[in-house]
Amino acid sequence: MKKILMASAAMTLCAGAAFADGHAKEVKLGILLGFTGPIESLTPAMAAGAELAMAEATTSGKLLDGAKVTPIRADSTCVDSGAATAAAEKLVADGINGLMGADCSGVTGAVLANVAIPNGLVMVSPSATSPGLTTVEDNGLFFRTAPSDAREGQVMAEVLKDRGINSIALTYTNNDYGKGLADAIQSSYEAVGGEVTIVTAHEDGKGDYSAEVAALASAGGDILVVAGYLDQGGLGIIQGSLDTGAFETFGLPGGMIGDSLPTNVGPDLDGSFGQVAGSDSEGAETFATMASDAGFDGTSAYAPESYDAAALFMLAMQAAGSMDPADYGAKIMDVANAPGEPINPGELGKAFEILANGGEIDYQGATGVELIGPGESAGSYREIEVKGGKNETVKFR
């Protein structure tokens, strides 16, 4: 009996040692998002989405023979490239193995050029959508799970024409994201016969947008399309337009989609509409349920893309058998696309097993992931309309 107990104790010690050895292998992933700034209402759910994937990987015990994944958050501000670069440099100093982010296009480009490329660090952004990022020289280090604004411009033009909108006034936040999106909307809308009466920039963080609203009102249009941010300039433009009666209905691209906008504007926003990256796939429904169980809204803008961004890091690491960006970076396109076993949210452990055994996976995730070109999402969108003070999904495109 004593021998049995001793053997049992030895086995327990060995198992404990093996567990400790596995979890001594720590994967650190940076989460660089604008926790302050013009999209601050969106980033908590985005970070939670990424951390949900990381927790799932750790709990599975199957990533790189039992590695623990540790998230490290940092603030991109969304708009201050210097602050975002400094935050990313701090993450590098903390020893991250990959960077989930950044969020807004301008700061993402700055971090890529000034931090990721010099340090050979892989970045996967869930929400940087500027078309300029498609052609940037990235040394194979940059990927994104949200589609380019070149695609969103086409989708918005379809939405406008389908709703019988013949002319628009267009304002955009004065940065890389806003300019690229405005250009895409204008060219796509004009290509289908729509009229753009004016295209003008606005700055974020101002207290008074009366001059901008007056110029837009003077040009006229069936509606005002606001290619801005829902927590700062975009909100100010809409509120100023409603206060003066300049416009009653607004077109809302992705940066304007979130619960805070209808909450802050009130019932006057009802009837406005737009689109944001989103999928009606099986994985999207699964992720929404997982997020709800974890205590956050999985349908919040770019939260599903954030889960997918984090998942791609870990799947690529498993495929490469390494947490070194120099090894796993080239595997991201492989795990994201066919051929292979389809993988949805909640199935990361299954995917790790397949990869460990030399098999192939086709990660579909929460957004129906398919990476094209230089590593960006082919993308689908959900069309929303504000009804009763809430954003309601009315169609997928």
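What are the pairs with Cβ atoms under 6 angstrom where one residue, in segment 41-60, is buried (at least 24 other Cβ atoms within 10 Å of the Cβ) and the other, located anywhere, is part of a loop (DSSP other than H, G, I, E, B)? Sequence gap at least six, or different chains.
42/258; 42/301; 43/34; 43/35; 46/302; 57/63
How about segment 151-186: which of its residues are in a loop (DSSP other than H, G, I, E, B), touching a residue at least 12 places away in the same chain (Cβ under 8 Å) and out of contact with any His (no Cβ under 7 Å at 6 or more places or on another chain)?
163, 165, 166, 175 - these are the residues of segment 151-186 that are in a loop (DSSP other than H, G, I, E, B), touching a residue at least 12 places away in the same chain (Cβ under 8 Å) and out of contact with any His (no Cβ under 7 Å at 6 or more places or on another chain).
Scan segment 205-228 and give yes if some residue there is in contact with a His (Cβ under 8 Å, 6 or more places away or on another chain), among the small types (Gly, Ala, Ser) and within 22 Å of residue 35 (Cα to Cα), otherwise no.
We begin by selecting, within segment 205-228, every residue in contact with a His (Cβ under 8 Å, 6 or more places away or on another chain); these are 209, 212, 228.
With the extra rule that they be among the small types (Gly, Ala, Ser), the set shrinks to 228.
Among the residues that remain, those that are also within 22 Å of residue 35 (Cα to Cα) are: 228.
Yes.
Across segment 219-235, which residue is surrounded by the most Cβ atoms within 10 Å (Cβ to Cβ) among those that are part of a helix (DSSP H, G or I) and touching a strand residue (DSSP E or B) at 6+ places or on another chain (Cβ under 8 Å)?
234
Please note which helices (runs of 4 or more DSSP H) are completely contained in segment 283-386 and include at least 1 residues that are within 14 Å of residue 143 (Cβ to Cβ) and among the hydrophobic types (A, V, I, L, M, F, W, C).
Fully inside segment 283-386 and qualifying: 303-320, 332-336.
How about segment 242-259: which of its residues are over 29 Å from the mean Cα position of the chain (by Cα) and assigned to a helix (DSSP H, G or I)?
Within segment 242-259, 242, 243, 244 qualify.
Would you mind stating whether residue 84 is aliphatic (A, V, I, L, M) and closer than 17 Å to residue 173 by Cβ? Working first, answer last.
Details: aliphatic (A, V, I, L, M): yes; closer than 17 Å to residue 173 by Cβ: yes.
In short, yes.
Restricting to segment 313-335, what's the tally of residues that are surrounded by fewer than 16 Cβ atoms within 10 Å (Cβ to Cβ), in contact (Cβ under 8 Å) with a residue 12 or more places away in the chain and of a type in the set (D, E, K, R)?
Counting residues in segment 313-335 that are surrounded by fewer than 16 Cβ atoms within 10 Å (Cβ to Cβ), in contact (Cβ under 8 Å) with a residue 12 or more places away in the chain and of a type in the set (D, E, K, R) gives 1.
If we keep just the residues of segment 187-214 that are more than 19 Å from residue 241 (Cβ to Cβ) and in a loop (DSSP other than H, G, I, E, B), which is farthest from the chain's Cα centre (by Cα)?
193
Within segment 250-287, which residues are surrounded by fewer than 19 Cβ atoms within 10 Å (Cβ to Cβ), over 18 Å from residue 41 (Cβ atoms) and in contact with a Ser or Thr (Cβ under 7 Å, 6 or more places away or on another chain)?
271 - this is the single residue of segment 250-287 that is surrounded by fewer than 19 Cβ atoms within 10 Å (Cβ to Cβ), over 18 Å from residue 41 (Cβ atoms) and in contact with a Ser or Thr (Cβ under 7 Å, 6 or more places away or on another chain).
Scan 92, 107, 69, 124 and give me the residue that is crowded, with 20+ Cβ neighbours inside 10 Å and either outside any strand (DSSP E or B) or modelled with pLDDT under 95 (or both).
Residue meeting the stated conditions: 107.
Only one of 149, 162, 183, 176 is at pLDDT below 95 and within 25 Å of residue 380 (Cβ to Cβ); which?
After applying the criteria, what remains is 176.
Given 146, 150, which one is surrounded by fewer than 22 Cβ atoms within 10 Å (Cβ to Cβ), over 16 Å from residue 198 (Cα atoms) and either outside the structural domain of residue 234 (by TED's automatic domain parsing) or among the hydrophobic types (A, V, I, L, M, F, W, C) (or both)?
Working: 146 fails: surrounded by fewer than 22 Cβ atoms within 10 Å (Cβ to Cβ).
The conditions single out 150.
The values are calculated or read from the model by the stated rules, or taken from the named source; none is laboratory data. Remember, it's a predicted structure, so these values are computed and weren't measured experimentally. As a convention, Cβ positions derive from the backbone with ideal geometry for all residues, glycine included, and neighbour counts pool all protein chains shown.
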